[in-house]
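Right, one structure below, let's go through it.
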Amino acid sequence: MKVIFMGTPDFSVPALCALVEAGHDVMAVVTQPDKPKGRGKEVSTTPVKEKALEYGIPVYQPVKARDPEFVKILKDLNPDVMVVAAFGQLLPKSILDIPKFGCINIHASLLPKYRGASPIQYVVINGEEVSGITTMMMAETLDTGDMLDQEVVVLDKKETGGSLHEKLSHVGGKLLIKTLKDIEDGTAVLKKQDESQMCYVGMIKKNMGDIDWSMDAVSIERLIRGLNPWPSAYTDWDGKVIKLWDADVVDQEYEGVCGQVVETGKDHLVVKTGKGGLSIKELQLQGKKRMEIGAFLRGYQIENGTVFKHM
């Protein structure tokens, strides 16, 4: 089929690759504009743009896809289908109505649960045992269209936002090819979303990583995994920021205040939480590299009674 692909971050790249490898005619790629990045403010291209240029596919980067001039460009391309994977802009009806077979979205959850911008992180933070990919027909409102296919992915015990992101991005590419084949063959079946099962998650913000030690240890451990690699969970230690990358729940109650170090040894450190303890396994002091707890404690002394604080 003649395809226009719309996507921006790393998550979208496997879907673009799958389209090309399956022999579809990817006529154009639409991605977000290049932006300054880092301290040097060097202009950075999106991962999707980089991959499209490798394939020699024309790239468009509209500030607003809904602008009439750009809508006309899409109409003139006359695609059979448009595929959207984490593009970053809502599409108006003027675009949704262009392709013969409609606009297909790859969403990183088992809809109708976890509509919105951050399904991958919230699945981990909320302690779900499964997630998955949904391919769906796009509607004017966010993530509300009829579903086409779903594939379930079981979360590992130590699943992080980053590891689940990687899994789902590749599942999405494979499921997309099946969905397009069914559409082309006329065997695709649309399924309405059950609105009673709907939940919505917004954007992840950096301050979500500021650990509130009055929370229970289970919730904090999930937060650490869900926000790994970005924005990461962190705490204040004597005016310095420490990022926490890995921890285990200790099913034991301790005396003292929440955030207080209650056990320390050559290679372990346990912090009291609102319920239970949290054994820190990997951490990173600001300006330093990530370290296993044993290596960290050989270089820095943290005594019993030290209190990590909510910033």
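Where a number appears in this text, it was derived from the coordinates with a stated rule and is not lab data. Every value quoted in this text rests on a predicted model; they were computed, and no experiment measured them. All Cβ positions, even for glycine, are placed from backbone atoms using ideal geometry, and neighbour counts span all protein chains on display.
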message: With 10 angstrom as the radius, rank 24, 107 by how many other C-beta atoms surround their C-beta, starting from the fewest.
response: 24, 107
- line: With Cα coordinates, the longest principal axis of the chain makes an angle with the long axis of helix 68-77, in degrees rounded to 10, of 60 degrees
query: Any idea how far apart residue 216 and residue 263 come out in nm if each label point goes 7 Å out from Cα toward Cβ?
result: 1.9 nm
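Using a Förster distance of 30 angstrom, determine the FRET efficiency expected from the C-beta separation of residue 39 and residue 130, and round it to 0.05.
Calculated transfer efficiency: 0.15.
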message: Could you identify which residue out of 36, 112, 92 has the top mean-square fluctuation in a GNM of the chain using Cα springs shorter than 10 Å?
response: 36
statement: Taking the chain and counting helices only, DSSP H stretches of n ≥ 4 at -39,500 (n - 2.57) each over all residues, the nearest-500 ellipticity at 222 nm comes to -7500 deg cm²/dmol
statement: Among 278, 110, 77, the residue with the largest mean-square fluctuation in a Gaussian network model of the chain built from Cα contacts under 10 Å is 77
- request: Under 1.5 on a/c is rounded, so check that first for the range 207-299, then, if it is not, pick prolate when a/b is larger than b/c and oblate when it is not; a ≥ b ≥ c are the square roots of the alpha carbon gyration tensor eigenvalues.
  value: oblate
query: In a GNM of the chain with a 10 Å cut-off on Cα contacts, which of 284, 260, 301 has the highest mean-square fluctuation?
result: 301
- request: Give, as ranges by residue number, the residues of the range 135-170 whose backbone N falls under 18 Å from the point 7 Å along Cα→Cβ of residue 89.
  value: 138-143
task: Identify the trypsin sites (Lys or Arg not before Pro) of the range 247-282 meeting these criteria: DSSP loop state and at most 12 other C-beta atoms within 10 Å of the C-beta.
output: 266
field: Spatial separation of Cα centroids for the range 101-121 and the range 143-186, in angstrom
entry: 9 Å
statement: proj_area_mean for the chain (convex hull on C-alpha atoms), units nm², value 17.9 nm²
field: Exposure proxy ranking, count of Cβ atoms within 10 Å, fewest first, for 212, 156
entry: 156, 212
task: Towards the positive end of the charge dipole of the range 190-271, with charges on Cβ (+1 Lys, Arg; -1 Asp, Glu), say which of 268, 256, 215 has the farthest Cα.
output: 215
